[in-house]
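Inspection log for the structure reproduced underneath, given as structure tokens.
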Amino acid sequence: MKLVRVATVALTLCPAAVAAQETTLRLVSAFPENGVYVKHVLPWVQKFNADGKGTLQIQFVGAAPKVMTSFEIGNAVKSGVVDIGLNTGAFYTNLMPEADALKLAQLSAAEQRRNGAYEYINKVWNAKANMQYLARIVDYTPFHLYLTKRIEKPDLTGLKLRITPVYRDFFQALGATLIQTAPAEVYTALERGVVDGYGWPIHGIFDLNWHERTRYRVDPGFYNAEVSLVMNLDAYRRLSPAQRQYLERQVLALEAMNETWKQHNAEEVKRQAQAGIQTIAFDAATARQYVEKAYEVGWAAILKAAPDTGPQLKKLLSK
Ligand code: 173
């Protein structure tokens, strides 16, 4: 009885002691552990934990394909099996088709915060995927088509290409045969000759040794590779105001590091050339049509699959 009373008094006198409890959030990556995105985020996690002692911690649990496949992580975040996903919308279109719309953004993450896009994204992500969209950790990064065979024009007839939803409608419109795989399966597909090429951003093809099996990169690139941190909405709502404030501050700092992709991408272009990867470039008019086509079919697919949110996303993400 006495002990209970003492405890009650202590709680009454120091409510801050309760509020200041530390929470640990479990983070899983849909991209491989030894890839560029995990490498980009892990030093940030380390600093997050050093500065967040007593407030908030992040535990990096692991990455696809070890923990689960890339395409399962969206659902794991939605259901709260994990708290935070390092993920891209193309990997969770099973939850909502508009997840894949963020690749079509022609505004930077900072601009999207200013023009209301983030607010709208969160409205949709909250309602449809039980997710809080925390931050975009990749920006200023086009996707490209990489090939083992030469093409002379943007006609992909007769080519089997590895895709995710990112590239599906565009490559299909250009006549390709499509095979969807997670990043973890690209090397084997190339090695076995199951595919003649793949879609991927301008950076990262050395991470899993794809350069060994890549002869050409098609220029120009298209879209804007989106990789983000998304969080289970219930876990987000459980955070105390102090924890939420800490999290918001840290993810903004991470997002501010997106400027580093510009330099990194320029270095990757050089590294690809040094590895003997040749570029296939189209004349200016063809190149312009190629990119226009990419956006045209990309938005058409979103508007068709998500007629309720597609128009507003297009308005907020386009220049
Ligand atoms: O796996 C992919 O090609 C893909 O969809 C993607 C999306 C964003 C960044 C890197 C790859």
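A few points about this structure:
- Residue 206 within 16 Å of the ligand (Cβ to nearest atom) and in contact with a Gly (Cβ under 9 Å, 6 or more places away or on another chain): no
- Entirely in region 183-300, the strands (runs of 3 or more DSSP E) that have 1 or more residues that are surrounded by fewer than 21 Cβ atoms within 10 Å (Cβ to Cβ): 216-222, 278-281
- Residues that are part of a loop (DSSP other than H, G, I, E, B) and more than 10 Å from the ligand (Cβ to nearest atom) were ranked within region 170-182; the one that is farthest from residue 145 (Cα to Cα) is 175.
- Meets criteria (out of contact with any Gly (no Cβ under 8 Å at 6 or more places or on another chain) and either buried (at least 23 other Cβ atoms within 10 Å of the Cβ) or assigned to a loop (DSSP other than H, G, I, E, B) (or both)) for residue 73: no
- Flag for residue 142 being within 12 Å of the ligand (Cβ to nearest atom), closer than 25 Å to residue 281 by Cβ and surrounded by fewer than 21 Cβ atoms within 10 Å (Cβ to Cβ): yes
- Any hit, region 152-169, residues being farther than 18 Å from residue 317 by Cβ, more than 12 Å from the ligand (Cβ to nearest atom) and under 16 Å from the mean Cα position of the chain (by Cα): no
- Test result for residue 199, away from the ligand (no atom under 16 Å from the Cβ), closer than 25 Å to residue 276 by Cα and out of contact with any Gly (no Cβ under 7 Å at 6 or more places or on another chain): no
- Candidate set from region 216-266 (those that are farther than 25 Å from residue 166 by Cα and polar (S, T, N, Q)); member that is farthest from the ligand (Cβ to nearest atom): 240
- A search for C-beta distances below 7 Å between a residue of region 151-169 that is without any contact (Cβ under 8 Å) to a residue 24 or more places away in the chain and any residue that is outside any helix (DSSP H, G or I) and not hydrophobic (A, V, I, L, M, F, W, C), counting only pairs 6+ apart in sequence or on different chains, returns 155/175; 156/175; 157/175.
- Of all residues making up region 1-60, the number that are assigned to a helix (DSSP H, G or I) and either at pLDDT 95 or above or touching a Leu at 6+ places or on another chain (Cβ under 6 Å) (or both): 16
- Single match in 272, 278, 263 (criterion: free of Cβ contacts under 8 Å to residues at least 40 places away in the same chain and out of contact with any Asp or Glu (no Cβ under 8 Å at 6 or more places or on another chain)): 263
- Residue in region 97-120 that is free of Cβ contacts under 8 Å to residues at least 12 places away in the same chain and closer than 14 Å to residue 312 by Cα present: yes
- Residue that is farthest from residue 307 (Cα to Cα), among those in region 76-95 that are in a loop (DSSP other than H, G, I, E, B) and within 16 Å of the ligand (Cβ to nearest atom): 88
The values are calculated or read from the model by the stated rules, or taken from the named source; none is laboratory data. Just so it is clear, the structure is predicted and the values come from calculations on it, not from any experiment. Counting neighbours? That spans all protein chains shown, and the Cβs are built from the backbone with ideal geometry, glycine included.
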